[in-house]
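The values are calculated or read from the model by the stated rules, or taken from the named source; none is laboratory data. Quantities reported herein were computed from a predicted structural model and do not represent experimental measurements. Note that each Cβ is placed from the backbone with ideal geometry, even for glycine, and that neighbours are counted across all protein chains shown.
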Amino acid sequence: MKKNMEEAIEKFMTMTEKISNCGKNPRNYGTDVDIYRSEIHIIKLIGDYANLHVSEIARKFGVTKGAVSQSLKKLERKGLVEKYLDETNNTRLLVKLTDKGQKAYLSHEEHHKVSDKDILQYLDELSDHELEIVVTFIEKTSEMAERHL
């Protein structure tokens, strides 16, 4: 194995561990409740897309509807989301952010705008070909991660 390849794999594994571990420390995102990483990403999804239902959220995250339902129950108890009946399909519940949920969503967006500025600038400076290589690497490592689940 090439030395650079070993280094790339090691750095990737270190990065994934850091991402995995950051989910253990909640933040409040400008609200009065603790919000975990998985929860804020559901909030982000709901904030980004109007009229989502549980199946759509599960599909976008690649998890079960049961897992999403459990997370939504927690978010409801925290006052961050509300469920309501879909007027076009009475068997389906849709999800929307409450005012508190919207506040968390906006705080999370601002957090990323500040925290991710360096990487966004770096990616913006790459050529189309270099960016294609980065995207392919992410896709390949994502496939690898799927095999390890």
Filter result for Tyr105 (within 22 Å of Gln70 (Cβ to Cβ), at pLDDT 95 or above and among the aromatic types (Phe, Trp, Tyr)): yes
Of residues in region 65-103 being outside any helix (DSSP H, G or I) and within 18 Å of the chain's Cα centre (by Cα), the one surrounded by the most Cβ atoms within 10 Å (Cβ to Cβ): Leu80
The listed residue being in contact with a His (Cβ under 6 Å, 6 or more places away or on another chain) and either touching a residue at least 12 places away in the same chain (Cβ under 8 Å) or among the hydroxyl-bearing types (Ser, Thr, Tyr) (or both), out of Leu80, Leu94: Leu94
So Glu56, is it closer than 26 Å to Thr88 by Cβ and surrounded by 12 or more Cβ atoms within 10 Å (Cβ to Cβ): yes
Selected residue [within 18 Å of Met15 (Cβ to Cβ) and of a type in the set (Asp, Glu)] from Asp128, Asp124, Asp116: Asp116
Region 86-100: number of residues that are among the basic types (Lys, Arg) and within 12 Å of Glu56 (Cβ to Cβ): 1
